[in-house]
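Working notes, structure below.
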Amino acid sequence: MKSICCESGGIGRRAGLRIQSRKGSGFESPLSHFAGKPAVVATVASAVLPDAIGLRLLCGAIVLLLASVAAPASAAAAADELARQVSAQKAACAAEVENLAAWCESKGLTTEARKTRSLLPPQDPYKLFVPVLPAEPEPGPPADAPPEVHQWHKRLAKLRQEQSLAMWDLARKAVRARRTWLGYELLLESLRINPDLEPARRVLGYQKIRNGWYTPYQARKLRAGQVWDDRFGWIPKGATARYEQGWRLVGGRWLSPEEAQKPRTIESGWDIETEHYLIRTNCGIDQGVALGVKLEQLCSVWQLLFIGYYASEADVAALFEGRGRSAERPRMRVVYFADRQQYNQALRTAIPKIDMTIGLYLDTTRSAYFFAAPDGDDRTLYHEATHQLFHESRPVVRDVGRRANFWIIEGIALYMESLRREGNYYVLGGVDDLRFHAAQYRLLNDRFYVPLEEITVWGMEKIQQHEKIGVLYSQFAGLTYFLIHGEEGRYRDALAAYLTAVYSGRDDPNTLAQLTGASYAELDKQYRQFIAAAASKAATVQDDKPPKRPTDTAKLR
Ligand SMILES: [Zn+2]
């Protein structure tokens, strides 16, 4: 792969937003970028969208070298040694933190003791935690604080520096050992301990401006005299009060509150630009901005977890050695309708069963479609936007998953539905997430399970026509949870390589077994054990209430 999107790999950053009037943007119609001319949505839809569910038009071919199947004994020994060093380093860091916290308590500094202990990492093997990185460092204690507080702050800074460097060294070791997922996990851990750690920030594409860390996109905004506002996105410095009164700057012209709120058709809707997305909407501008913020959060987490999907090992190694090259990709397109009726009307010609969908991604137009719903949640948004990320972050084959291995395309989108913010982390997974709960219930209560040997043979049509499609989807979610959280995370790199193989059309029914180095019978057995252990943990979490019958939901897309 020539380019990698390390520039945008940052997390916890703000979504950059630019609002344009439709006329000035050159964005003719949400569906027209394949047709190449402006047109009314419904008309264009019939011309450029597929006429049946399941058509996938994609471009390009890529070369993929599947990872070697059986690791030699020396590689296995090196992996064990790395695991031992990581666990020793984590223990050493925890001991240092506890030591400083105890010192604080001995001096009566209870707030400082609590702040110190907040450096301990969250523990839950069924969740992935991605820290939200602050743009700027926390300010130190005020000048008139007691001397002990200053002493504590100095000791804390030293601890952060030393421990983050030790973690960063291990991250580089992991990447050199071709353990990409672990490398990024350790890199994030180093930044969680010390958000100011320069080499780690640089891997994620940040640059330092004054006291803070910004992506190149954010840096351009700041240089252009804009500031971030969580409600309005990037706005001109000094314009906050006017925005609060309802005025909106669109295409260089101020719109009055009345004008800004006038109902619009999707064709004359707003175009909202974020760092990675171009959103056409006829909801309010603020709703479009809020959607953009969520999409950017998903994108930032996804880019960190799946670097092994869209970048080669050589690219990742170059990044960690400071030789990476940034590349910006075209923005991903999203259409956000004001209500279901307009969504149905615009897409019915292309998707006759549009009433059964609550959002979708069409690879034929490379656009995701959503509508504002009073009872809507973010799961559909994250699901479809995940399909879009996998489709548009590297060249992919036409008809992905049509011949075999379709289950993982849905499985990974079902997993990403669980994204949410918990404190200072973006979190995925969890024993009580509804998809994972459904997987546990179907296996343990209903004894429903289709072995991997069978499922990996199935293509898209076989699955979409299956009479138990809903229950199958719950199993797909469970299997994906297993590949990420099972066996202490040892299948994570194999999962990324599996997704690359499937999306590039270099897969066959045996690919997953080859990449994991385990037979399907073995994986089935490990899955059952994983589910049983998760269910017993979930029962503890839920205070031994009997498991609730889940609702299995399949997606047409
Ligand atoms: Zn889907």
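Worth pointing out:
Every residue, every condition in (1) in contact with a Phe, Trp or Tyr (Cβ under 8 Å, 6 or more places away or on another chain); (2) of a type in the set (Gly, Ala, Ser), yes or no:
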{"site": "359", "(1), (2)": "yes, yes"}
{"site": "396", "(1), (2)": "yes, no"}
{"site": "400", "(1), (2)": "yes, no"}
{"site": "424", "(1), (2)": "no, no"}
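Residue-wise test of (1) in contact (Cβ under 8 Å) with a residue 60 or more places away in the chain; (2) of a type outside the set (Ser, Thr, Tyr); (3) touching a Phe, Trp or Tyr at 6+ places or on another chain (Cβ under 6 Å).
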residue	(1), (2), (3)
466	no, yes, no
480	yes, no, yes
493	yes, yes, yes
516	no, no, yes
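- Filter result for residue 348 (surrounded by fewer than 22 Cβ atoms within 10 Å (Cβ to Cβ), under 30 Å from residue 269 (Cα atoms) and under 22 Å from the mean Cα position of the chain (by Cα)): no
- Residue match in the range 334-349 (condition: modelled with pLDDT of 95 or more, out of contact with any Gly (no Cβ under 7 Å at 6 or more places or on another chain) and either under 22 Å from residue 419 (Cβ atoms) or within 15 Å of the ligand (Cβ to nearest atom) (or both)): yes
- Any hit, the range 253-269, residues being closer than 25 Å to residue 216 by Cβ and either at pLDDT 90 or above or surrounded by fewer than 16 Cβ atoms within 10 Å (Cβ to Cβ) (or both): no
- Any pair with Cβ under 8 angstrom, 6 or more apart, that starts in the range 380-406 at a residue that is in the same structural domain as residue 511 (by TED's automatic domain parsing) and modelled with pLDDT under 95 and ends at one that is within 11 Å of the ligand (Cβ to nearest atom) and assigned to a loop (DSSP other than H, G, I, E, B): none
- Test: residue 377 is free of Cβ contacts under 8 Å to residues at least 12 places away in the same chain and among the acidic types (Asp, Glu): yes
- Of note, residue 527 satisfies the criterion of being at pLDDT 95 or above, away from the ligand (no atom under 16 Å from the Cβ) and closer than 23 Å to residue 466 by Cα.
- All positions within the range 375-390 that are more than 11 Å from the ligand (Cβ to nearest atom) and either in contact with a helix residue (DSSP H, G or I) (Cβ under 8 Å, 6 or more places away or on another chain) or β-branched (Val, Ile, Thr) (or both): 378, 381, 389
- Which listed residue is within 14 Å of the ligand (Cβ to nearest atom) and either surrounded by 19 or more Cβ atoms within 10 Å (Cβ to Cβ) or more than 15 Å from the chain's Cα centre (by Cα) (or both), from 479, 428, 472, 434: 472
- In the range 95-148, the qualifying residues are those that are assigned to a loop (DSSP other than H, G, I, E, B) and among the polar types (S, T, N, Q), and the one that is surrounded by the most Cβ atoms within 10 Å (Cβ to Cβ) is 118.
- Any hit, the range 278-289, residues being in contact (Cβ under 8 Å) with a residue 60 or more places away in the chain, out of contact with any strand residue (DSSP E or B) (no Cβ under 8 Å at 6 or more places or on another chain), among the charged types (D, E, K, R) and surrounded by fewer than 22 Cβ atoms within 10 Å (Cβ to Cβ): no
- The residues of the range 399-425 that are within 16 Å of the ligand (Cβ to nearest atom) and among the small types (Gly, Ala, Ser), listed by number, are 401, 411, 413, 418.
- Any hit, the range 312-325, residues being of a type in the set (A, V, I, L, M, F, W, C) and farther than 30 Å from residue 191 by Cβ: no
- Members of the range 309-335 found to be in a helix (DSSP H, G or I) and under 15 Å from residue 392 (Cα atoms), listed by number: 309, 310
- Residue identified as without any contact (Cβ under 8 Å) to a residue 12 or more places away in the chain, surrounded by fewer than 18 Cβ atoms within 10 Å (Cβ to Cβ) and under 30 Å from residue 315 (Cβ atoms) among 223, 202, 176: 223
- Residues being more than 18 Å from the chain's Cα centre (by Cα), surrounded by fewer than 16 Cβ atoms within 10 Å (Cβ to Cβ), more than 16 Å from the ligand (Cβ to nearest atom) and of a type in the set (Lys, Arg) are entirely absent from the range 353-373.
- Total residues in the range 187-222 satisfying the condition of being polar (S, T, N, Q), under 20 Å from the mean Cα position of the chain (by Cα) and closer than 16 Å to residue 328 by Cα: the figure is 2.
- Given (1) within 16 Å of the ligand (Cβ to nearest atom); (2) at pLDDT 95 or above; (3) polar (S, T, N, Q), index of the condition residue 456 fails: (1)
The values are calculated or read from the model by the stated rules, or taken from the named source; none is laboratory data. Fair warning: this is a prediction, and the values are worked out from it, not measured in the lab. Cβ sites come from the backbone with ideal geometry, for glycine too, and all protein chains shown count toward neighbours.
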